[in-house]
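The structure appears below as structure tokens.
Rule-based calculations on the coordinates, nothing more; no lab input. Bear in mind that the values here come from a model prediction, so they are computed numbers and not experimental data. Here Cβ is always computed from backbone atoms with ideal geometry, including for glycine, and neighbour counts include all displayed protein chains.
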Amino acid sequence: MSRSIEYPLAGPRPNSWIRQAPIAVESDGPKIAFKLLILFLLVLYSNIAVVYKALDAFRPALVVAVAALGMMVLELAQTRRRFQLIWPQGFLLVGFLGIAFISSFDAMWVRLAFERTSDIAKIVLIYVVIENTVTTESRLRTIMLTMVFAGLIPAIGTIDRYVHGILVEGSRGAWKGLFGNPNEAAYGLLVLIPIAAALAGKSRWFLRVTIWGVMAICLLAIFLTFSRGGLMGLFVVLGLVGWKQKSVVLKSLMIAGLIGSVFVVSLYWSRSQSFKDISQDTTYNQRIATIRAGIRMFEANPLLGVGPGCSIVAYPIYVPPEAHCGCQLQLVIHNSFVQVLSETGFPGFALFMLFLGISIFDARKMQKGPLSPYAAALEVALWGFVICSLSGGFTYTWWPYILIGLVAAMKHIAASDQAKGANAVV
């Protein structure tokens, strides 16, 4: 009896071909996809396919974006992490893409509408990659640093072309590609200012000084574009950055610097169109004409609009005769909100405004937590987009969607940190 207890009975041998399912391990998420996201941002800011035209046939930005998405899916499967698409921003963006796709079938220029819709699809792709790969505060900071330092490329390019007399409209600086238009160059750079300020505030002295140097270069480049909308957006951004400083001294210095910059701009403004007697300004009147035309496009096509990107085609048809100066026959609507309303109808406009408004609200709400500096920076950057959008058609540009993608990623990071803290207490 004792021997039977000493030697346990031999059970059936397990089948050698059966493998135990891998146990999910805690990780920071997709690593290779995250590195490809950094590469994508570098490609985007460098405009490498525009600078080196031989690369344009290879579509480097699209190739890197698709590779990042593919690696993200593979790495999520390997680590058994869930795919993330936050409510409601992710679903609002996908819905906006769906409305743009449907609107394209009834567009004034179907081919142009589908091309613009494909641009939105690329934006959705990168948005998804950001939300699923920027999973820690360290990664969030890395992406922001990449954006700020990559912004040096178009900033230096704008300054260099201005110094060498390669100007737009005879007096305005710009660079190439995404930064080839002075207004888009100013807007694309100014959204980096609050991000750089937040990073500088959480860095050691050497990196802090370096980031302030980058900000100075970007500010000079913005000024040299002589973009009135860009400068108004910059003043709002600087004012908000100063207002959100906790230190009374820093807040006072930022506000004093803002007031001083207004005087500097008035002294060295060299563009023929200025802020004086704006009612007689041709470009100002053109902007008003495009907005009036956009409203008439919406009135005629309230459900689906004239099609994504097609306001430039519809402009000569819908512009009021008394508002048409005859200067240009085709103009894009110079207001992002009227642009999306006229091109995708009320459903697209509602989805876009909810997408933007909820993201600003979320960024403000997260300023009470440990990610406060980054949340404040993204909120201010989005307000910069809003101000610039009042005088420019920037609906299909990359920057607001990248910023909102980072807001969505921050929500996941904050929720994850909160869950870890709760588990630690238990």
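Tabulated results
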item: Condition met for L403 (buried (at least 24 other Cβ atoms within 10 Å of the Cβ) and under 12 Å from L356 (Cα atoms)); result: yes
item: Selection count, the stretch 55-90, where residues are among the aromatic types (F, W, Y) and closer than 30 Å to I360 by Cβ; result: 2
item: Number of positions in the stretch 357-382 that are out of contact with any Pro (no Cβ under 7 Å at 6 or more places or on another chain) and outside any loop (DSSP other than H, G, I, E, B); result: 18
item: Residue check for L231: more than 19 Å from A150 (Cβ to Cβ) and either of a type outside the set (A, V, I, L, M) or within 19 Å of the chain's Cα centre (by Cα) (or both); result: yes
item: Filter result for V73 (within 17 Å of the chain's Cα centre (by Cα), of a type in the set (V, I, T), surrounded by fewer than 19 Cβ atoms within 10 Å (Cβ to Cβ) and over 26 Å from A185 (Cβ atoms)); result: no
item: Residue in the stretch 177-195 that is out of contact with any Lys or Arg (no Cβ under 9 Å at 6 or more places or on another chain), of a type outside the set (F, W, Y) and closer than 20 Å to F34 by Cβ present; result: yes
item: Residue, surrounded by the fewest Cβ atoms within 10 Å (Cβ to Cβ), within the stretch 200-214, restricted to residues that are assigned to a helix (DSSP H, G or I) and in contact (Cβ under 8 Å) with a residue 60 or more places away in the chain; result: G201
item: Pairs with Cβ under 9 Å, 6+ apart, first in the stretch 341-353 and surrounded by fewer than 18 Cβ atoms within 10 Å (Cβ to Cβ), second in a helix (DSSP H, G or I); result: F346/F298; M353/F337; M353/V340
item: Yes/no for A186 being out of contact with any Gly (no Cβ under 6 Å at 6 or more places or on another chain) and in a helix (DSSP H, G or I); result: no
item: Residue match in the stretch 71-81 (condition: assigned to a helix (DSSP H, G or I), touching a residue at least 60 places away in the same chain (Cβ under 8 Å) and of a type outside the set (K, R)); result: yes
item: Failed item, numbered, when P88 is tested on (1) surrounded by fewer than 16 Cβ atoms within 10 Å (Cβ to Cβ); (2) within 22 Å of the chain's Cα centre (by Cα); (3) within 17 Å of L37 (Cβ to Cβ); result: (3)
item: All positions within the stretch 142-167 that are more than 24 Å from I130 (Cα to Cα) and either under 17 Å from the mean Cα position of the chain (by Cα) or among the hydrophobic types (A, V, I, L, M, F, W, C) (or both); result: A155, I156, I159, V163, I166, L167
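To keep it simple, each residue is scored yes or no on (1) under 30 Å from P302 (Cα atoms); (2) of a type outside the set (A, V, I, L, M, F, W, C).
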| site | (1), (2) |
| --- | --- |
| D56 | no, yes |
| A68 | no, no |
| E75 | no, yes |
| Q78 | no, yes |
| V124 | yes, no |
| T133 | no, yes |
| V148 | no, no |
| P154 | no, yes |
| D160 | no, yes |
